[in-house]
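Notes to accompany the following structure.
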Amino acid sequence: MRYRLTEIEIARPLEPLGFEADESGAALLIRRNGRPIGFLMRQNSCKQTWTPEELNHWIGDALKTKIVEEAIRDELAASARRNNLARIQDWKSVPTRSDVVTSEMQHA
């Protein structure tokens, strides 16, 4: 009873998953944008290949909540990075002590 171990990146189009004669199922490490988000195992019912549609249905059913959580996490992280960048740009426009001193010297 040997299982095919494979990694699947769900941010890319899925490809068919083929089996050798001695493989009785598959163990899938599921990644989203390179980060692991799940591990699934299933016995094969004598098929030589699982289609992308079959894989999509299985992965979607098993990991739908995790996929949405990861999408929300990525969006929140991107928003935080944008906000931090805006704060840094605002901070750069604040005069420094040397700017103030130079300005005072020019007016003296």
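The values are calculated or read from the model by the stated rules, or taken from the named source; none is laboratory data. Note that the coordinates shown come from a computational prediction; the quantities given were computed from them, not determined experimentally. All Cβ positions, even for glycine, are placed from backbone atoms using ideal geometry, and neighbour counts span all protein chains on display.
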Considering residues of region 1-52 that are buried (at least 16 other Cβ atoms within 10 Å of the Cβ) and aromatic (Phe, Trp, Tyr) only, the residue farthest from Asp74 (Cα to Cα): Phe19
Filtered residues of region 1-58 (kept if in contact with a helix residue (DSSP H, G or I) (Cβ under 9 Å, 6 or more places away or on another chain) and free of Cβ contacts under 8 Å to residues at least 12 places away in the same chain): none
Test: residue in region 87-97 that is at pLDDT below 85, within 23 Å of the chain's Cα centre (by Cα) and either hydrophobic (A, V, I, L, M, F, W, C) or assigned to a loop (DSSP other than H, G, I, E, B) (or both): no
